[in-house]
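Visitor: Pasting a structure below so you can have a look.
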Amino acid sequence: MRTLLLANIFYWACAGVFTPFLSSYFTRQGLDASQIGIVFTMVPLCSIFVQPLWSAFADRIGGRKIVLVCLCLAAAAVAPLFNFSSTFIAALLATLAFSAFFQALLPVCDSLVIEAAARGGLEFSRIRMGGTIGYAVVVVVAGYALEAWPSVQFVMVPVILLVFAMRCARLPQPWKEARPGVRPSETRKTRGHGFRSIFTTDEIVIVLSFVFVSSVGLGFHGSFLGRYCIELGNGQDLVGILSAVSAMSEIPILIVSDRLICHIGEVHLLLFSCFAMALRLLLVSTGIVPVMIAAQLLQSVSYMTVYYSAVTYIAKHTLPGAQARGQSVLVMVQAGFATVIANLIGGFLCDAFGTGVSFVIFAGITTAGTFVVIALMGVHRKKALARTSR
């Protein structure tokens, strides 16, 4: 339990130092909203085109733990490049280099931790809670530290990544990969191409569609909240406080998440979360600090319910030998396709209409997208009912 908990804590601690403060860092470096949107697009592009390769490689060689440690070390090595990102091209290249390794950490780590937790009879929600607490503590400390010393951000990131690598090296060996004399390919069961070679159910399309819609809103929120705070005349300390409030709000939902899923199911929880994301965006758009802080309390039901429902659903409906690839698909949708749209459209909307109005527009996009997926879910269930009645 301790090893799994510490691995989760240090991943989210690193994310807490890096992710929330990057848009405000680039804003102070002189990049405009459109440039930041383009730079941030490197992150989801790596989620789409690079991290699946790492996940597939880890599954294929049966060495997820070794791949995870190597990715940590590589990300730590390139993180200092951000110190030289005072121009648009330099920021673009630094983000691309770092994301090529960092974006693959979560799916590989989650596949290992969830599998080990299941073998030990542990609830993943309790382990994930450690990551939430670690994130919350780090963003507050980092917010105040970066307000005084902005350049320390890219000293903290590699240090935490190195500690994370050491914790990953102590993770339990996955049981299928630990069997002597058996190649991973010999234990893998496939049943077709595409999703059918990874998942056991076609309902995964509905699950990923809800994830996509909510993640478009979340991607815009994550990429431009820091910029909005700077525009409103605030500093990195407010970004840290907002991020800490959002992280701490996840704890109550993690305590009851397994019971919620048991009673209402992952799909219905995802549906509710999409509407919660739209409300969160509307509240942030007011620009009133107390209201913005209150909006971050919705992190629990606009992000954590999405992440937890999706990651556990995938863990339950992934074919043997495809665990890392299953979680990789989630990252492709959540941190990939959805975030590309959020960053590109968000950057141009912010320049054209202002950041506050753009938050309102994305609330509308999230709401409309939710209704579209509800319609698709109805069609899917009618088809499934027709198949079973034959």
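None of the figures in this text is laboratory data; all of them are computed from the coordinates on show. These figures come from a predicted structure and were not determined experimentally. So basically every Cβ, Gly included, is an ideal-geometry build from the backbone, and we count neighbours across all protein chains shown.
Visitor: First select every other residue whose beta carbon is under 12 angstrom from the beta carbon of N8; then total the charges, Lys and Arg +1, Asp and Glu -1.
Guide: +3
Visitor: Now for a different question. By the scheme Lys and Arg +1, Asp and Glu -1, what is the net charge of all other residues having a beta-carbon under 15 Å from that of S285?
Guide: Result for the local shell: +1.
Visitor: E123: net charge of surrounding residues, Cβ under 11 Å, Lys/Arg +1, Asp/Glu -1, itself excluded?
Guide: So the environment of E123 carries a net charge of +2.
Visitor: Kindly put F101, F210 in sequence by how many other C-beta atoms sit within 10 Å of each C-beta, fewest to most.
Guide: F101, F210
Visitor: Okay, helix-only estimate at 222 nm for the chain: each DSSP H run of n ≥ 4 adds -39500 (n - 2.57), divide by all residues, round to 500 deg cm²/dmol; what do you get?
Guide: It comes out at -25500 deg cm²/dmol, rounded to the nearest 500.
Visitor: Could you line up S249, S214 from fewest to most neighbouring Cβ atoms inside 10 Å?
Guide: So the residues, fewest neighbours to most, are S249, S214.
Visitor: Express the relative contact order of the chain as a whole percentage, based on alpha carbon pairs under 8 Å and six or more residues apart in sequence.
Guide: 28 percent
Visitor: Number of Lys-Lys pairs in the chain under 17 Å by Cα, sequence gap 8 or more or different chains?
Guide: 4
Visitor: Springs between alpha-carbon atoms under 10 Å, Gaussian network over the chain: tell me which of P158, P20, P252 tops the mean-square fluctuations.
Guide: Residue with maximal mean-square fluctuation among P158, P20, P252: P252.
Visitor: Could you give the distance between the Cα centres of segment 316-380 and segment 1-35, to the whole Å?
Guide: 20 Å
Visitor: Separate question: What residue among S223, S243, S125 has the largest mean-square fluctuation in a Gaussian network model of the chain, using Cα springs under 10 Å?
Guide: Looking only at S223, S243, S125, the largest GNM fluctuation is found for S125.
Visitor: Continuing with the same structure: Compute a Gaussian network model of the chain, connecting alpha carbons closer than 10 Å, and tell me which residue from C14, C262, C274 fluctuates the most.
Guide: C262
Visitor: Here is a follow-up. Can you put K65, K316 in order of Cβ neighbours within 10 angstrom, beginning with the fewest?
Guide: K316, K65
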